[in-house]
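The values are calculated or read from the model by the stated rules, or taken from the named source; none is laboratory data. As the structure is a prediction and not an experimental result, all values here were calculated from the model. Note: ideal-geometry Cβ built from the backbone for every residue, glycine included; neighbour counts use all protein chains shown. Note: accessible area is taken over every heavy atom of the protein model, side chains too, but ligands, DNA and RNA are not part of it. Shrake-Rupley method; radii C 1.70, N 1.55, O 1.52, S 1.80 Å.
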Amino acid sequence: MASINKHNNGYRLYLRHCSPPPRLYLGRLNSRQRREIIRIVEPLELAAKLGIEATREELMYASELPEKLQAWLEKLGLMKRRNKRFLLTEFLTVVLEQKGAGLSPARQKQYHTTIKQLVDYLGKDMAISELTVGDAKAFRQHLVDNGKSEATVSSRIKIMKAYYNVAVDNEFLTSSPFAKVKSGKQDKNRFVYVPVGDIEVLLENVPCPEWRAMIILWRFGGLRAQEPLHLTWDCVDWENKRLTVKDVKRRQERIIPLWPRVEIALSELFALAVEGQPRIITKYKAGQKLGTQMVRFIKHASLTIWEKPIQNLRASCQNDLELSGIRMTAICQWIGNSKAVAQNHYLKVTDSDFDNALLTSDDNLDWGTHWGTHRTEQTRIGELQETSTSKSTAIPAGSELFSDLEMTKRPREDSNLRPTV
């Protein structure tokens with residue numbers, strides 16, 4: 001098999017799997033380097049001799065060889081599945097291509113931001129195969145130390161988990177360094193229920209009809225921030241009272257009821273619409289930020305600015321729908337999320353839940369009956385305990401506790417029961 005022999009002032013590598021034996025001058029090497037090269041090259045040569053491909057682990061070891069030697073081995077067919085040394089930024093292109101339409105433009109931007117933060121921390125020459133579990137954990141701590149919120153840290157780590165899962169699935173790596181890194185939980189305490197009364201005050205202070213319609217679509221239609229900007233008049237089914245929403249995040253469509261408040265708002269815009277203009281909201285283009293102007297309107301209405309001004313309107317809508325008694329399956333279909341997401345990020349106990357609980361307790365629950373039963377049972381248990389702990393071991397006269405039991409004698413048996421004659 002492979003051997004390294006002295007040649008001039010250095011050493012030459014010989015391979016024996018074919019004839020004439022290929023050879024490559026390696027230069028000056030010490031004994032340890034020669035042993036390491038033989039240890040790595042011999043399994044590759046044996047695989048080529050047997051007509052099979054080298055294993056993933058063997059190729060991973062071979063990736064530690066000098067690039068010149070790797071290229072020579074690949075030319076000879078010993079490294080057919082050799083993986084390129086992808087840098088962190090280079091492999092991002094592979095990840096985005098493979099995920100394709102599953103990632104929205106906003107999500108792709110988050111991938112770019114996360115990789116940039118990782119590269120800034122570890123260095124631009126870091127390859128995906130060189131990042132260790134320790135590096136991954138250190139990166140998470142780096143985000144925390146730099147004041148990133150728990151939600152941001154969780155999002156960044158989840159992106160890196162998905163990023164490295166692509167590398168593992170494509171057999172560029174045997175395992176992910178982020179597999180053991182805890183992503184954390186999204187902060188659900190930022191949810192604020194926005195009462196309908198505050199929305200009425202807000203709408204009175206919004207002069208633009210398109211903005212009034214967007215606020216209504218968020219609060220009473222459950223739309224995401226950008227979804228009103230993608231609506232066209234073809235989306236409105238006036239006859240059947242349906243509205244088709246282009247779900248930008250999941251790149252699909254969903255149909256929601258044309259609730260009265262939403263229908264009135266859209267009717268007002270339809271009366272003002274320019275003939276031939278397909279879009280319902282014309283003041284903004286898709287992708288433009290709306291949060292800053294929304295905060296201005298809230299301030300102008302002398303309302304306290306709540307966190308996540310637009311998303312919490314949508315979350316408040318889902319809370320109201322759940323309180324109305326509609327099936328959660330239908331609500332999640334209309335809002336465009338799952339039950340798990342709704343439970344963790346959208347639904348929260350509100351003041352009305354406490355009020356309804358108190359009303360329900362007074363009107364429908366017979367607390368007195370339950371309490372009386374509980375006391376009766378406790379009294380009976382106390383009597384039995386008193387009887388069982390008394391000094392007399394005889395059954396009290398007139399006792400009916402055992403009157404229905406048939407006291408019979410049975411032969412003594414061991415743990416393996418068997419019929420007796």
(1) in contact (Cβ under 8 Å) with a residue 40 or more places away in the chain; (2) open to solvent by less than 80 Å² (accessible area, probe 1.4 Å); (3) on the phi < 0 side of the Ramachandran plot all hold for K285 apart from (2)
Run down L303, L243, L229, L269 and say which single residue is part of a strand (DSSP E or B), modelled with pLDDT of 90 or more and surrounded by 13 or more Cβ atoms within 10 Å (Cβ to Cβ). L243
Is it true that some residue in the stretch 50-69 is surrounded by fewer than 17 Cβ atoms within 10 Å (Cβ to Cβ), farther than 21 Å from L173 by Cα and modelled with pLDDT under 80? yes
Qualifying positions in the stretch 306-337 - of a type outside the set (V, I, T), part of a loop (DSSP other than H, G, I, E, B) and surrounded by fewer than 17 Cβ atoms within 10 Å (Cβ to Cβ): E307, K308, S324, G325, R327
Restricting the search to the stretch 39-49, which residues are open to solvent by 40 Å² or more (accessible area, probe 1.4 Å) and of a type in the set (A, V, I, L, M)? L46
For V153, only one of the following conditions fails: (1) without any contact (Cβ under 8 Å) to a residue 60 or more places away in the chain; (2) surrounded by 14 or more Cβ atoms within 10 Å (Cβ to Cβ); (3) closer than 21 Å to D169 by Cβ. What is its number? (3)
The stretch 189-202 residues that are closer than 10 Å to A315 by Cβ, paired with ones that are open to solvent by less than 50 Å² (accessible area, probe 1.4 Å) and assigned to a loop (DSSP other than H, G, I, E, B) (beta carbon under 6 Å, 6 or more apart): V192/W306; Y193/T350
Do we have any residue at all in the stretch 44-57 that's among the hydroxyl-bearing types (S, T, Y) and under 44 Å from the mean Cα position of the chain (by Cα)? yes
Counted residues in the stretch 150-202 being modelled with pLDDT under 90 and in contact with a Phe, Trp or Tyr (Cβ under 6 Å, 6 or more places away or on another chain) come to 1
Report, ordered by the first and then the second residue, all pairs with beta carbons closer than 9 Å, sequence separation of six or more or different chains, a first member in the stretch 293-310 that is over 12 Å from V206 (Cβ atoms), and a second member that is charged (D, E, K, R) and in a loop (DSSP other than H, G, I, E, B). I310/R224
For the condition of a type outside the set (V, I, T) and out of contact with any Lys or Arg (no Cβ under 9 Å at 6 or more places or on another chain), what is the one hit in E150, E171, E90, E97? E97
Among the residues that make up the stretch 110-128, is at least one of them open to solvent by 40 Å² or more (accessible area, probe 1.4 Å), of a type in the set (D, E) and either at positive phi or touching a residue at least 12 places away in the same chain (Cβ under 8 Å) (or both)? yes
